[in-house]
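The structure appears below as structure tokens.
The values are calculated or read from the model by the stated rules, or taken from the named source; none is laboratory data. Computed from a predicted model, the values in this text were never measured in an experiment. All Cβ positions, glycine included, derive from the backbone under ideal geometry; neighbour counts span all protein chains shown. Note: areas computed on protein heavy atoms with side chains; ligands, DNA, RNA excluded. Shrake-Rupley method; radii C 1.70, N 1.55, O 1.52, S 1.80 Å.
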Amino acid sequence: MTPINHRRRRALRVAPTAAAAVLALGLGGCGAGSVASSSGDTLTVLVEGGGKAVLMPIAKEFEAETGTSVTFVELPYDSLYERLNTELSADQVSFDVAALDAPWLSYFSPGLLPLDDMFTDDVKGDLFPSLVQEAQVGGHFVGMPAWTNAEILYYRTDLFSDPQQRRAFKAEYGRELAPPTTWDEYREVAEFFTQDTDGDGAVDLHGTDVKGAVETEWLSLVLQAGAKNVVLDDDGRIVIDDAFHKAALDAYVAPIEDGSAPAGASQFDWATSQNLFNQGQLAMSRFWAHAYTQVPEDSPVHGHVGVTTMPAGPGGAAAFPGAWYLSVPRAAAHQEAAQEFVQFAFDHNELGLDSDLGLAATIPALEAGAAEGRENLSALTSALDEPGSAPRPATDHWQEIVDSVLIPMLQEATTQAKSGTVNTQALLDRAAKQIETIVG
């Protein structure tokens, strides 16, 4: 998530040699994104559209306490990346603070101000270990977590509590019907709920879905298989072809092979999955935690959704964090005020829970916010608190690896699984060779 918008997009990279020219052309008409005044009375924060909702309550409180106003420049995901790349490459920026998606930290770190002094022991203690690890690049902390996300398990409480379904499940599997806690249970429940509910001879309810067009869900399974790292280890060695990644890929495509996932998985992204679940066509789905409060009132599943952590694999439970970080560019005009805002955002992190996204980054904020109607926060906290949860590799090449290798591999795996011809080890071996050409 991959976060505000977790649909995978190719992030375009502007060559540093062209950055100054592009910057000169772009600044003339960038309005609210122009360079902040030297008075220091205003800070400019660059953010993706959904991120403004989380930061706006914090910004209002910051202005009330300090007298410094905050102007937001909202951009689509790709445009945000391009703006950051252009301006940071030129060492001339039109903003004081930027919200960065986690995979960008390593790539942009040379242009970011170290925030080491902010990461006291108390601060680290209030953050999940995976976020502390992810915020650090090259021995320096370059981003303060602003909000985080993770995939959790969504399930239909009306189906799981239905007496007829419960009797049928127990008769077939010899145990009580309950939200699955292991991979094996997940597969059984998914098979069971793949049903013809209206009696017309066609399956109109599937037990779960498989997303071929995004990578983070499969990477969560890699961690659940027992891996300490995904794709690359801490020393940059390629590990995508090991037994953990194979076990995860086998488990990932299994619902396609047994028919408990809908057809067309190779093109399924987050939006497709969310629509299927909200339309009542899935009994379960692994999805980002924020979506729990966004089920439409006219959805047939509204008021009938339960959440818990994703089922554990052989290595236990684990989740892949989807965090966004506040960073200060080295070339920012108002570095002192910018750092003050970043610290203020951490200290008042709970204010983000009042936004439409309803997320925060600190453990105390998420724990305090968990209540009736926000059960997703308890599941999110439990998921990220698992010892097996870990971030993406800290590599400048991550986006290219995702776009050029991981997504095509998953799309091919889901297509082959449908036809019964999938060879997961061969796909992983080929992926390893492709990644080797990228990372050198």
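Data table
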read-out	value
Whichever residue in the stretch 348-391 is in contact with a Ser or Thr (Cβ under 7 Å, 6 or more places away or on another chain) and of a type in the set (S, T, Y) and, among such residues, is surrounded by the fewest Cβ atoms within 10 Å (Cβ to Cβ)	S382
Subset tally (residues that are open to solvent by 10 Å² or more (accessible area, probe 1.4 Å) and over 15 Å from E151 (Cβ atoms)) for the stretch 306-331	5
Tally, over the stretch 278-293, of residues that are in a loop (DSSP other than H, G, I, E, B) and open to solvent by 10 Å² or more (accessible area, probe 1.4 Å)	3
Condition check for A225: crowded, with 24+ Cβ neighbours inside 10 Å and of a type in the set (A, V, I, L, M)	yes
Residues of the stretch 430-440 classified as exposed (fewer than 14 other Cβ atoms within 10 Å of the Cβ) and of a type outside the set (V, I, T), total	3
Residue that is surrounded by the fewest Cβ atoms within 10 Å (Cβ to Cβ), among those in the stretch 235-250 that are part of a loop (DSSP other than H, G, I, E, B) and of a type in the set (V, I, T)	V239
Candidate set from the stretch 185-230 (those that are touching a Ser or Thr at 6+ places or on another chain (Cβ under 7 Å) and in a helix (DSSP H, G or I)); member that is nearest to D258 (Cα to Cα)	E191
Residues of the stretch 133-150 classified as within 21 Å of A318 (Cβ to Cβ) and surrounded by fewer than 17 Cβ atoms within 10 Å (Cβ to Cβ), total	1
Qualifying residue in the stretch 155-176 (condition: under 20 Å from the mean Cα position of the chain (by Cα), closer than 21 Å to A99 by Cβ, modelled with pLDDT of 95 or more and of a type in the set (S, T, Y))	no
Failed criterion for L219 (all others in (1) more than 30 Å from A361 (Cβ to Cβ); (2) of a type in the set (A, V, I, L, M); (3) crowded, with 21+ Cβ neighbours inside 10 Å hold)	(1)
In the stretch 254-277, residue farthest from K211 (Cα to Cα) [restricted to those that are in contact with a helix residue (DSSP H, G or I) (Cβ under 9 Å, 6 or more places away or on another chain) and open to solvent by 40 Å² or more (accessible area, probe 1.4 Å)]	D258
Condition met for A283 (over 28 Å from G440 (Cβ atoms), touching a Phe, Trp or Tyr at 6+ places or on another chain (Cβ under 8 Å) and of a type in the set (A, V, I, L, M, F, W, C))	yes
Of all residues making up the stretch 157-184, the number that are part of a helix (DSSP H, G or I) and over 29 Å from D250 (Cβ atoms)	6
Single unsatisfied condition, T197 versus (1) modelled with pLDDT of 95 or more; (2) in contact with a strand residue (DSSP E or B) (Cβ under 7 Å, 6 or more places away or on another chain)	(1)
Residues (over 21 Å from S378 (Cβ atoms) and in a strand (DSSP E or B)) located in the stretch 133-150	Q136, V137, H140, F141, M144
Among residues of the stretch 112-122, those that are assigned to a loop (DSSP other than H, G, I, E, B) and open to solvent by less than 50 Å² (accessible area, probe 1.4 Å), counted	4
Every residue from the stretch 362-410 that is over 24 Å from H304 (Cβ atoms), under 16 Å from the mean Cα position of the chain (by Cα) and not in a loop (DSSP other than H, G, I, E, B)	L384, W398, Q399, V402, D403, L406, I407
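For every residue, the table says whether it meets (1) in a strand (DSSP E or B); (2) at pLDDT below 95; (3) open to solvent by 30 Å² or more (accessible area, probe 1.4 Å).
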position: R83; (1), (2), (3): no, no, yes
position: F95; (1), (2), (3): no, no, no
position: A99; (1), (2), (3): yes, no, no
position: P110; (1), (2), (3): no, no, yes
position: K124; (1), (2), (3): no, no, yes
position: L131; (1), (2), (3): no, no, no
position: I152; (1), (2), (3): yes, no, no
